[in-house]
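Participant: So that we are looking at the same thing, I have put the structure below in structure tokens.
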Amino acid sequence: ARDRMVQCISILITIFEPSLVKHESTIELMDDAWMELMLSMEEIPQHRAIARHVAKLAILTHSCRWTDPMQRPGYMARCPLKSIPHTATEKHPQWCTTLEQNWESIVKEYKKLASHNLQSFSDVGSGERGSGHDDHKVVTGTSWKEYVLFGTGAKNSDADAPLTKGLLRKHVPDAVSLAEQGGGEVIFSRLAPKTRIEAHCGPTNLRWTAHLGLVIPGDGSKCRIRVGMQWHSWEPGKILLFDDSFEHEVHNDTDEERVVLLLRVWHPELSGKPAMRNEFLMEAMVKKEEAVNKRYH
């Protein structure tokens with residue numbers, strides 16, 4: 001099937017005039033073809049590196065909306081958004097500082113929740129919430145579990161984590177609204193010892209991802225995340241802010257679990273533009289549903 005897809009794309013590139021390749025309807029057709037080929041490569045671990053080469057060829061032929069082989073989301077916003085794999089600490093928004101100042105209270109609440117409601121943590125990609133059904137495919141090792149605070153699968157009250165939810169509602173309302181609109185989630189994310197999340201790209205460049213370190217193994221060289229071409233390590237009480245539409249992977253090669261508060265926020269260039277971001281989000285969700293139907297039905 002992959003060989004046939006390569007043949008079809010080659011024919012399309014060959015027969016279309018350069019001006020036609022840039023036509024909106026043609027780009028949409030080619031977008032689907034490149035995406036299918038790229039995803040088919042990513043499904044086989046030893047072929048995942050080839051996905052970058054597929055994206056690079058798509059970019060060189062001007063027949064897709066990607067601009068960087070390391071940034072391959074299923075949906076790219078129609079208006080250009082600034083692409084930065086990782087945001088330096090000194091450029092973090094104020095809400096990052098607020099969460100960091102309250103991290104000890106957040107981790108205490110997490111530990112209380114985990115000790116009394118461990119069964120409420122579900123395997124990522126288990127289908128217990130309405131998104132991330134394929135996330136389990138990139139997990140190797142023991143387990144990757146989550147507890148949903150906001151988004152599909154969350155409880156309809158703040159009783160489970162009143163302090164954490166209150167802080168988020170007050171200081172990071174963008175994360176709450178994005179989760180409640182179906183464009184992301186806020187979770188306690190637990191990565192078991194000797195577990196890895198293989199290289200993949202998030203679904204859209206409309207959002208950024210933040211990790212607040214809660215329970216972090218002592219050996220940072222064995223528990224880290226790569227975003228784009230750069231590796232980073234978590235620190236307890238510190239936020240790591242990145243664009244998950246860039247290729248990223250996580251390694252926890254230690255004997256300890258790693259726990260972070262994970263939240264998605266709107267891309268900062270969409271801040272204060274509710275009509276535009278809602279339009280883009282709806283478009284992204286429709287496109288994702290169409291892609292699932294084309295691929296599996």
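The values are calculated or read from the model by the stated rules, or taken from the named source; none is laboratory data. Keep in mind that what you see is a predicted model, and the values were worked out from it rather than measured. Neighbour counts are summed over all protein chains in view; Cβ atoms, including those assigned to glycine, are modelled from backbone coordinates with ideal geometry. To get the accessible areas, we keep the full protein, side chains included, count just its heavy atoms, and leave off ligands, DNA and RNA. Shrake-Rupley method; radii C 1.70, N 1.55, O 1.52, S 1.80 Å.
Participant: Within region 239-255, does at least one residue satisfy the condition of being small (Gly, Ala, Ser), open to solvent by 10 Å² or more (accessible area, probe 1.4 Å) and more than 19 Å from residue 146 (Cα to Cα)?
Facilitator: No, there is no match, as no residue in region 239-255 is small (Gly, Ala, Ser), open to solvent by 10 Å² or more (accessible area, probe 1.4 Å) and more than 19 Å from residue 146 (Cα to Cα).
Participant: Working carefully through the options 107, 186, find the one that is modelled with pLDDT of 95 or more and under 30 Å from residue 83 (Cβ atoms).
Facilitator: Criteria check complete, one pass: 186.
Participant: Being touching a helix residue (DSSP H, G or I) at 6+ places or on another chain (Cβ under 8 Å), of a type outside the set (A, V, I, L, M, F, W, C), closer than 21 Å to residue 96 by Cα and open to solvent by 10 Å² or more (accessible area, probe 1.4 Å) is true for just one of 268, 236. Which residue is that? Step through it out loud before you land on a result.
Facilitator: Working: 268 fails: touching a helix residue (DSSP H, G or I) at 6+ places or on another chain (Cβ under 8 Å).
Step by step, each of 268, 236 is checked, and only 236 is touching a helix residue (DSSP H, G or I) at 6+ places or on another chain (Cβ under 8 Å), of a type outside the set (A, V, I, L, M, F, W, C), closer than 21 Å to residue 96 by Cα and open to solvent by 10 Å² or more (accessible area, probe 1.4 Å).
Participant: Please tell me if residue 226 is open to solvent by less than 20 Å² (accessible area, probe 1.4 Å) and closer than 20 Å to residue 70 by Cβ.
Facilitator: Judged against the criteria, residue 226 is a match.
Participant: Looking at region 82-108, which of its residues are crowded, with 20+ Cβ neighbours inside 10 Å, touching a helix residue (DSSP H, G or I) at 6+ places or on another chain (Cβ under 7 Å) and of a type outside the set (Val, Ile, Thr)?
Facilitator: Those that are crowded, with 20+ Cβ neighbours inside 10 Å, touching a helix residue (DSSP H, G or I) at 6+ places or on another chain (Cβ under 7 Å) and of a type outside the set (Val, Ile, Thr): 95, 99.
Participant: Another question about this same structure. What pairs come out if I take residues in region 83-94 that are touching a residue at least 12 places away in the same chain (Cβ under 8 Å) and pair them with residues that are of a type in the set (A, V, I, L, M) whose C-beta lies under 7 Å away, six or more apart or interchain?
Facilitator: These pairs meet every condition: 85/227; 86/227; 87/241; 92/239; 92/241.
Participant: Follow-up. Among the residues that make up region 207-226, is at least one of them out of contact with any strand residue (DSSP E or B) (no Cβ under 9 Å at 6 or more places or on another chain) and in contact (Cβ under 8 Å) with a residue 60 or more places away in the chain?
Facilitator: No, region 207-226 contains no residue that is out of contact with any strand residue (DSSP E or B) (no Cβ under 9 Å at 6 or more places or on another chain) and in contact (Cβ under 8 Å) with a residue 60 or more places away in the chain.
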